[in-house]
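Shown next, in structure tokens, is the structure this report addresses.
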Amino acid sequence: MPNWKQILDEIKSVGGTHDIIRRKYLRKLQNLTGRNVIAYYSGWLQKSGSTKGGEIDFGIHDKDKNGLMTCCHKLEREKGLDLLLHTPGGEAAATESLVDYLRSMFDTNIRAIIPQIAMSGGTMIACACGKVLMGKHSNLGPIDPQILGLAAHGVIEEFNKARQEILANEISFRLWQPILAHYHPTLIGECQKAIDWSREMVRDWLITGMFRDDKDASSKADRIVSELADHSLTKSHARHISMRQAKELGLKVFPFDGEGNDKLQEAILSVHHAFILTFDASRAYKIIENHKGIAYVSTIRA
């Protein structure tokens, strides 16, 4: 029988109290589904965007590849992957790279689970999966890209409106001049390229993943991308898309709550609550963790 010190050392080896609880519920979810589980969680809702040490990057970026590599190591790939996503989105290039990596590990045998919110790049990752599991409270978001904090679609719309009004009445140039002065020379081209890139990525992922065995894959992908990427339709990059709306778009979305799903709902939301409580009580602001207790944690510097 281990003594007090040995038990204490064992507790330290697996992490603090919050780590132990999170890992307990990740294991329970894996035991229920029989699939590999990786949670990709950001604490942007719990923490402000800046500290004494500078800005915190809550979004998807290239550093996250190290976390996914760590968590994928030695997983039984034939079991597929359940990827819990809770993120505000992030860099398009990093999103593309993470999807390419996960597909190289699990092909398209990946289910995206949205316990609460996966916006922008998070929605793009979900579209790259074979299925999406959502609850009545879960939300995806538009995939229209942002450039320098501005909606790329919005910049182009405003520029075109200015052009039309100036051509119709030269005097209106005086009104538009201070607005257009804020646009650097290549901004319009960058915005259009970002829009095209976002659309092409998601369209390709839908055709080769979610609809890979569907004879109407191209038309279904076109409709979904058109709806998700059109700023004139979604109105705002922060627009929340419900499970019902995601289904109506044509995505392969399945409920994890409701009748007959009690155990799955409890398992998913227990994991979610454990992560949120960790962000509330610790310096962690992003955690990538698997069901084996392997974790990659980003923390705020003191």
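The values are calculated or read from the model by the stated rules, or taken from the named source; none is laboratory data. Computed from a predicted structure; not experimentally measured. We place every Cβ from the backbone using ideal geometry, glycine too, and count neighbours over all the protein chains shown.
The residue of the stretch 236-257 that is farthest from the chain's Cα centre (by Cα), among those that are part of a loop (DSSP other than H, G, I, E, B) and within 16 Å of K131 (Cβ to Cβ), is D257.
When the stretch 127-166 is filtered for residues that are part of a loop (DSSP other than H, G, I, E, B), hydrophobic (A, V, I, L, M, F, W, C) and within 29 Å of G250 (Cβ to Cβ), the ones remaining, listed by number, are A128, C129, I143. Set side by side, the residues E55, E91 differ, and just one is without any contact (Cβ under 8 Å) to a residue 24 or more places away in the chain, among the charged types (D, E, K, R), more than 14 Å from I287 (Cα to Cα) and surrounded by fewer than 22 Cβ atoms within 10 Å (Cβ to Cβ), which is E55.
Could you please let me know if G67 is within 23 Å of L206 (Cβ to Cβ) and either within 17 Å of the chain's Cα centre (by Cα) or assigned by TED's automatic domain parsing to the domain that holds Y285 (or both)? When the stated conditions are applied, G67 does not pass them.
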